[in-house]
Amino acid sequence: MTPAVAAMPLTDLHPSPDDITGDTLAGLSATPKRLSSKYFYDARGSQLFEQITRQPEYYLTRVELALLETSMAAISDAVAAHAHVVEYGSGSGRKTQLLLEGLASPVAYTPIEISRTALLASVERLGEAFPSIEMLPVCADFTQPVPLPQPEREPGHTLVFFPGSTLGNFTFDDAECLMRSMRATMGPRGQALIGIDLDKDPALIEPAYNDAAGITAQFTLNLLARLNRDVGSDFDLDGFDHSAVYSRERGRIETHLVSRRPQDVHVDGRSFHFDEGEAMQVEYSHKYTDARFEALAARAGLRVVQRWNDPRDWFGLRLLQP
Ligand code: AVI
């Protein structure tokens with residue numbers, strides 16, 4: 001471990017642990033039934049998501065990375081120098097590296113993440129790669145406003161980085177709340193760089209969520225395995241099919257687990273009946289038009305000041321300000 005890493009202070013805001021049993025019971029009691037996609041990411045789920053990003057059909061990660069590479073000089077021109085870069089989620093991969101390399105002398109980097117383990121692993125790697133950038137990890141829930149640690153060197157301003165179209169996994173209302181919190185976190189002179197998957201032909205979008213190797217189906221079904229382990233439910237993984245369909249009207253992939261037969265599932269002493277063909281909603285992945293994204297940003301008090309798209313207009317990076 002380098003001295004820079006050993007000295008790294010962790011700000012722990014002690015985010016309240018998820019009520020996974022309560023959320024599962026509430027979701028199964030709703031009509032139609034639903035489960036939260038935030039529970040996809042146990043160790044196995046994170047591994048499967050990593051594999052998804054390498055599937056030929058899942059264009060999002062590749063296209064965003066290439067876009068970041070080709071737009072970095074222009075992004076750097078649009079972002080004031082000496083930024084305090086604040087990433088939502090524990091980045092450590094190529095996207096974070098490109099940003100930290102490409103910006104004009106960022107003074108500090110703060111990943112905000114609920115998992116302490118993921119957070120520390122990420123800053124350990126980045127601290128070694130960028131010894132002149134102060135690493136100030138914060139363990140917190142980024143859907144709430146986060147008081148940021150003060151870097152030793154005075155930053156020019158705060159730049160929130162939220163790549164990967166993760167915003168698309170939030171409903172419109174939840175995305176608005178998240179962006180309001182983002183505005184509070186970045187402050188009146190801050191900026192945000194957000195990656196969004198753009199609305200396009202469903203013939204391009206649907207295969208990304210129905211890859212031929214079946215990795216996305218495994219990823220979706222792993223949610224049931226995770227609940228069986230962590231909540232003590234008795235979902236039969238062979239009793240459900242993965243279904244991901246694009247709704248043009250709502251501009252989103254709607255992912256469901258569809259019951260293959262009539263069956264009962266037990267959770268915490270309660271029984272829930274599934275009819276044959278009954279669909280339980282497990283994830284949304286929103287795809288944005290400029291109008292939809294700008295309307296969402298405006299509701300959160302933010303405006304888009306710069307846009308970068310890949311040459312085919314599949315994926316976009318947007319720079320926002322209050
Ligand atoms: C993390 N998130 C942006 C992914 C998406 O595309 O909605 C999660 C995912 N779900 C299925 N495949 C990928």
For segment 19-36, enumerate the residues that are surrounded by fewer than 18 Cβ atoms within 10 Å (Cβ to Cβ) and within 14 Å of the ligand (Cβ to nearest atom). Ser36
Looking only at segment 47-58, filter to residues that are open to solvent by 50 Å² or more (accessible area, probe 1.4 Å) and either closer than 12 Å to Gln218 by Cα or aromatic (Phe, Trp, Tyr) (or both); which one of those is nearest to the ligand (Cβ to nearest atom)? Phe49
Going by the structure shown, is Gln263 within 30 Å of Ser181 (Cβ to Cβ), more than 16 Å from the ligand (Cβ to nearest atom) and of a type outside the set (A, V, I, L, M)? no
Flagged in segment 292-313 as under 18 Å from the mean Cα position of the chain (by Cα) and among the aromatic types (Phe, Trp, Tyr), in numbering order, are Phe293
If I filter segment 273-291 down to residues being under 21 Å from the mean Cα position of the chain (by Cα) and within 16 Å of the ligand (Cβ to nearest atom), which single residue comes out as surrounded by the fewest Cβ atoms within 10 Å (Cβ to Cβ)? Gln281
Residues being under 22 Å from Ala78 (Cβ atoms) and among the basic types (Lys, Arg) - total across segment 89-129: 2
The lone exception for Thr31 - which of (1) outside any loop (DSSP other than H, G, I, E, B); (2) over 20 Å from Ser115 (Cα atoms); (3) hydroxyl-bearing (Ser, Thr, Tyr) it fails: (1)
Lone unmet requirement of (1) closer than 14 Å to Asp197 by Cα; (2) exposed (fewer than 14 other Cβ atoms within 10 Å of the Cβ) for Val305: (1)
Matching residues, segment 227-257, being more than 16 Å from the ligand (Cβ to nearest atom), surrounded by fewer than 21 Cβ atoms within 10 Å (Cβ to Cβ) and either among the aliphatic types (A, V, I, L, M) or within 18 Å of Asn169 (Cβ to Cβ) (or both): Val231, Leu237
Scan (1) over 27 Å from Asp19 (Cβ atoms); (2) assigned to a helix (DSSP H, G or I) for the single condition Asn228 breaks and write down its number. (1)
Restricting to segment 65-75, give me the number of residues that are touching a helix residue (DSSP H, G or I) at 6+ places or on another chain (Cβ under 7 Å) and within 16 Å of the ligand (Cβ to nearest atom). 2
What about Gly45, is it touching a residue at least 60 places away in the same chain (Cβ under 8 Å) and at negative phi? yes
May I ask you to say which residue of Ser16, Ser46 is modelled with pLDDT under 95 and assigned to a helix (DSSP H, G or I)? Ser46
Taking the condition more than 14 Å from the ligand (Cβ to nearest atom), modelled with pLDDT of 95 or more and among the basic types (Lys, Arg), does Arg270 pass? yes
Could you tell me which of the residues Pro322, Pro207, Pro262 is without any contact (Cβ under 8 Å) to a residue 24 or more places away in the chain and out of contact with any His (no Cβ under 6 Å at 6 or more places or on another chain)? Pro262
Scan segment 144-183 for residues that are within 16 Å of the ligand (Cβ to nearest atom) and of a type in the set (D, E, K, R) and jot them down. Asp174
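The values are calculated or read from the model by the stated rules, or taken from the named source; none is laboratory data. Please read these numbers as outputs of a predicted model, since none were measured by experiment. FYI the Cβ positions are ideal-geometry reconstructions off the backbone, even for glycines, and counts take in every protein chain you see. For the accessible areas, the whole protein counts, side chains as well, though only heavy atoms, and no ligand, DNA or RNA atoms are used. Shrake-Rupley method; radii C 1.70, N 1.55, O 1.52, S 1.80 Å.
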